[in-house]
1. Within 23 Å of W257 (Cβ to Cβ), modelled with pLDDT of 95 or more and surrounded by fewer than 17 Cβ atoms within 10 Å (Cβ to Cβ): is that true of L68 in this structure?
2. Which condition breaks for M23 when tested against (1) over 20 Å from the mean Cα position of the chain (by Cα); (2) surrounded by 21 or more Cβ atoms within 10 Å (Cβ to Cβ); (3) under 19 Å from F262 (Cα atoms)?
3. Helices (runs of 4 or more DSSP H) wholly in the range 208-307 with at least 3 residues that are of a type outside the set (S, T, Y), modelled with pLDDT of 95 or more and farther than 25 Å from F91 by Cβ - which ones?
4. Out of G302, G287, which single residue is crowded, with 16+ Cβ neighbours inside 10 Å, among the small types (G, A, S) and in contact (Cβ under 8 Å) with a residue 40 or more places away in the chain?
5. Is the range 103-117 home to any residue that is basic (K, R), more than 16 Å from S256 (Cα to Cα) and surrounded by fewer than 17 Cβ atoms within 10 Å (Cβ to Cβ)?
6. Pull out all pairs, ordered by first then second residue, where Cβ-Cβ is under 8 Å, the residues are six or more apart or on different chains, the first lies in the range 95-114 and is part of a loop (DSSP other than H, G, I, E, B), and the second is modelled with pLDDT under 95.
7. Within the range 133-143, restricting attention to residues that are in a helix (DSSP H, G or I) and surrounded by fewer than 23 Cβ atoms within 10 Å (Cβ to Cβ), which residue is modelled with the highest pLDDT?
8. Does the range 175-188 contain any residue that is basic (K, R) and crowded, with 17+ Cβ neighbours inside 10 Å?
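The values are calculated or read from the model by the stated rules, or taken from the named source; none is laboratory data. Everything numeric here is computed off the predicted structure, so don't read it as measured data. Cβ placement follows ideal geometry from the backbone for every residue including glycine, while neighbour counts extend to all protein chains displayed.
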Amino acid sequence: MKTQDEKSSWLQHFPIMFYTVVMGLGGLALAYERLNLIFDISGAVFEILRAAASLAYALICACYTAKLIRYPQACKAEFFHPVRVNFFAAFSIGTLLVASLWRDFAPVYDALFCVGVAFQTFITLHVVSFWIKNNVQIAHSNPAWFIPIVGNLFVPLAAPAASELAWYYFAIGIFFWPVLFAVLFYRIIFHDQMPQKFIPTLFIVIAPPAMAFLDYVKLTGSFDMTAKIMLYVTLFFALLILFMFKSFLRLKFFLSWWAFTFPTAAASIAFLRAFEFNGIKFFLFAGAAGFAILCVFIGIVGFYTVKAMRRGEICVPE
């Protein structure tokens with residue numbers, strides 16, 4: 001018979017990466033909301049997706065809070081790990097995503113938005129100072145480094161209106177995105193291939209330009225040359241990932257598969273937003289196709305996540 005410590009040991013290894021589940025489900029809900037604005041499909045579906053994302057967020061928060069209380073050293077080890085530290089930004093992004101889904105309920109929105117912005121501010125300062133103060137190896141770099149930056153780019157979208165606060169976070173994101181991309185592109189080309197578990201994070205390269213585009217058109221209200229540059233960079237990376245898709249087919253399941261979801265949602269929303277501005281049917285098709293692909297990703301990754309949890313393959317020592 002297992003001891004109580006053995007039964008609860010899964011909690012000690014509950015990864016911060018689980019918040020990418022919230023990013024995926026929240027991204028799906030926001031993408032559907034945008035699609036529904038165009039096609040007027042069904043508000044009930046949005047309510048279901050919003051509830052699913054909120055429930056996942058609540059459960060993951062409960063589990064990680066329990067881990068923090070019972071195994072603080074395990075949380076500390078993740079927080080100061082050169083790779084895992086980046087996934088703490090998934091908490092702030094997930095919080096801001098859920099806040100965005102509850103805009104029509106001010107008490108929930110206000111509370112979650114304040115928590116999300118506060119933690120995003122802290123984690124950005126922590127991660128950048130961590131890079132400066134520690135001897136980070138080039139092998140530690142991977143597209144997950146974009147997650148804290150994407151968090152800054154999500155703040156303007158979650159904010160109630162264009163404001164100086166929104167411009168502040170947009171400026172941080174738009175500054176660090178090309179800097180980190182240069183580092184990662186150098187690492188990918190001139191150094192050893194990334195570990196298999198981080199290959200799915202290549203999808204994350206789609207998210208920064210997509211989020212930057214959505215921020216820019218919200219903050220300025222214009223679909224000008226700058227907006228088009230961000231949009232077409234998003235399109236290029238989406239096509240590049242599609243061109244490389246066979247590289248992802250034989251990957252063993254890891255929780256990092258959830259990295260397939262949020263960037264796809266961001267691209268879908270960006271293309272649908274572009275259609276609303278210029279009326280070009282290509283972007284409507286691209287946005288709808290992106291949403292369909294996102295639904296497939298959520299179904300597949302969700303199935304394998306549940307399967308791995310039932311087999312005890314998640315929340316185990318690495």
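1. Against the criterion (within 23 Å of W257 (Cβ to Cβ), modelled with pLDDT of 95 or more and surrounded by fewer than 17 Cβ atoms within 10 Å (Cβ to Cβ)), L68 does not qualify.
2. (1)
3. 225-243, 261-278
4. On the way: G302 fails: in contact (Cβ under 8 Å) with a residue 40 or more places away in the chain.
The conditions single out G287.
5. Going residue by residue through the range 103-117, those that are basic (K, R) are 103.
Now drop any that are not more than 16 Å from S256 (Cα to Cα), which leaves 103.
If we keep only those that are surrounded by fewer than 17 Cβ atoms within 10 Å (Cβ to Cβ) too, we end up with 103.
Yes, the range 103-117 has at least one match.
6. Taking only residues 6 or more apart or on different chains, the pairs are R103/P160.
7. Among them, the one singled out is K133.
8. yes
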